[in-house]
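The values are calculated or read from the model by the stated rules, or taken from the named source; none is laboratory data. This is a predicted model, so every value here is computed, not measured. Backbone-built Cβ (ideal geometry, glycine too); neighbour counts: all protein chains shown.
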């Protein structure tokens, strides 16, 4: 299989990535109702995790970081607010913006999700030898490096000069 992927064309590589995505989605149970046997969807859990890590954020920032459509994010935030997991307050820096943060109940939900997530991955890793755990996490790091790409030098980020004059 690996030889076929390495020597095949783009269609074979596309099929290989899609097959892996379906496989890993099942391994970590993303298709189950309620992530990690909780009442939260994957998107709701990601919003909770993001807010736990940031303290407070506005909806624009959350949408950008999580790459979520503004309308969908608004519905998710509404559901989390109705469940008393988040609160929205006017930003002290800009009264037109709402600052979103976890309530005490939201922080408790985060702790539960965080513990369950760590436990799930610990159980997965414990099936393998230390060497295989290192191979697996190294392969994951490689995937991340390739997908994120190398940092571009500052000179490569500048817009090209316009023909016939200065920028």
Next item on the list: Tell me, please, whether a residue that is closer than 30 Å to residue 23 by Cα, at pLDDT below 95, in contact with a helix residue (DSSP H, G or I) (Cβ under 8 Å, 6 or more places away or on another chain) and not assigned by TED's automatic domain parsing to the domain that holds residue 25 can be found in the stretch 70-79.
Entry: yes
Residue count, the stretch 116-138, condition under 25 Å from residue 35 (Cα atoms) and either at pLDDT below 65 or in a helix (DSSP H, G or I) (or both), comes to 13
With the first residue restricted to the stretch 42-57 and required to be without any contact (Cβ under 8 Å) to a residue 24 or more places away in the chain, and the second required to be part of a helix (DSSP H, G or I) and crowded, with 19+ Cβ neighbours inside 10 Å, Cβ contacts under 8 Å at 6 or more apart or on different chains are 42/35; 50/62
Practice prompt. Confirm whether residue 64 is at pLDDT below 90, assigned by TED's automatic domain parsing to the domain that holds residue 124 and farther than 18 Å from residue 106 by Cβ.
Written response: no
Picked from the stretch 105-129 (must be within 16 Å of residue 47 (Cα to Cα) and over 19 Å from the mean Cα position of the chain (by Cα)), the residue surrounded by the most Cβ atoms within 10 Å (Cβ to Cβ) is 105
Subset of the stretch 14-29, residues within 15 Å of the chain's Cα centre (by Cα) and surrounded by 13 or more Cβ atoms within 10 Å (Cβ to Cβ), comes to 28
Going through the stretch 63-83 in order, the residues found to be within 14 Å of residue 46 (Cα to Cα) and touching a strand residue (DSSP E or B) at 6+ places or on another chain (Cβ under 7 Å) are 77, 80
